[in-house]
1. Using a Förster distance of 25 angstrom, determine the FRET efficiency expected from the C-beta separation of residue 88 and residue 26, and round it to 0.05.
2. For segment 1-123, please report how many Lys pairs fall under 21 Å Cα to Cα, leaving out neighbours fewer than 8 apart on the same chain.
3. With runs of 4+ DSSP H residues as the only contributors, calculate the mean residue ellipticity of the chain at 222 nm using -39,500 (n - 2.57) per run, divided by the residue total and rounded to the nearest 500.
4. Can you work out the FRET efficiency for the pair residue 310 and residue 56, with r the C-beta to C-beta distance and R0 = 41 Å, to the nearest 0.05?
5. Starting from the Cα of residue 235, draw a straight line to each of the lysines and keep only those under 23 Å, dropping any in the same chain fewer than 8 residues away.
6. List the residues whose amide H sits under 5 Å from the amide H of residue 108, counting only those 5 or more places along or on another chain, with H placed 1.01 Å from N in the peptide plane.
7. What percent do you get for the relative contact order of segment 13-307 when only Cα pairs under 8 Å and 6+ apart count?
8. Which whole number of Å³ per residue matches the convex hull of the alpha-carbon atoms in segment 215-292?
Amino acid sequence: MRFTSVWKHFPHADQQAETLAKETLLFQQKFNCDFIKVTPTGTWQAVCMGAVDEPLNDILGRRAVKAPFINVTDDWLSIPDFAQTKPWALEEVIRTCQIICAETKVPVLTTIFCPITQAVQLAGINTFMNHVKQAEYEVKAGIDKITDNTLHAIEKLKETGIKGIFFVTQYRQPHLMQPDIYKEFGEPADIRCLQKCRDLDFNIFHIHGENVDLNLKPLPDNCLLHIEYTPANVKHMTRFAGDLKKVLTGIPISEMLSCDTLEDIKLCVQKYRNMNRDAIAMSPACVIPVDFPEQLLKKWVSVLQEVAVEI
């Protein structure tokens, strides 16, 4: 198969399984991607554990936490257990995947955020960093519970017929979190989650950001790496010990929007292809804006599929 796809948020529709599934399937009908990425809200796992979110009303259609669950250090010890609570947001994502998988033969991936990203969402970055210094035991216990919840979610989502997980980390960025803190508090949980996905057809590890730490532990054989190809990230690729063929080149959204014609797109694609000629596919660096011009996006998908390697 090829690994060309594009994805976006569907604000408001992403609050219910039926509407998110409908919008996702309509999007696939328009753009005929090689795989479907289910994109629930970026906060859905934190909401499952007690955070309260709200729409950002931004161009990407995102939501953000407005009321965290973690306020004092003891709160890390009271994170709910998904197996016991069966949170509604998880049930909606499960149902979304069930509907989509029943309606299509195209491989389906769904989005899971890594435990340390969820931890920061539950507490806020400042509270999280303060608690790391003040209450290491409590924070690690909380992340262990978050990891157990994530593994539970992955297991339930496997039962829907999905072919893989789109696994996201947002804090493997040194300017947001010191690498030694991420390696101690985040990396072991990432490894557990990716190992849980080893029996799926393929998974994608998306490391979000323009200047990320790529000094990674080896990824499972069925896992692709997806990063934005910024100058800093291209420079950091020298630290990546994995197979460059398994790196999905993320083209910055600003560059995608700056292309008006098919020829513009081909020139842009060639520029990024030259940065990693081994890559099996290219894609947007992250979610596309909700108002990305439809005809322009169709041109992008067609060109990206032309250069993708079938394996």
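Readers should treat all values here as calculations from the given coordinates under stated rules, not as data from a laboratory. Please read these numbers as outputs of a predicted model, since none were measured by experiment. Cβ atoms come from the backbone with ideal geometry, glycine included; neighbour counts cover every protein chain shown.
1. Numbers: r = 24 Å, r/R0 = 0.96.
Given R0 = 25 Å and the Cβ-Cβ separation, E is 0.55.
2. Step by step, the pairs that qualify in segment 1-123 add up to 9.
3. Details: 12 runs with 132 residues, N = 311.
That comes out to -13000 deg cm²/dmol.
4. Values: r = 38 Å, r/R0 = 0.92.
It comes to 0.65.
5. Residue 235 reaches 183, 217, 245, 246, 271.
6. Under 5 Å from the amide H of residue 108 lie the amide H atoms of 36, 163, 164, each far enough along the sequence or on another chain.
7. Details: 470 pairs, mean separation 45.4, N = 295.
Computed value for segment 13-307: 15 percent relative contact order.
8. On the way: hull volume 7.9 nm³, N = 78.
Taking the convex hull of the Cα positions in segment 215-292, it is 101 Å³ per residue.
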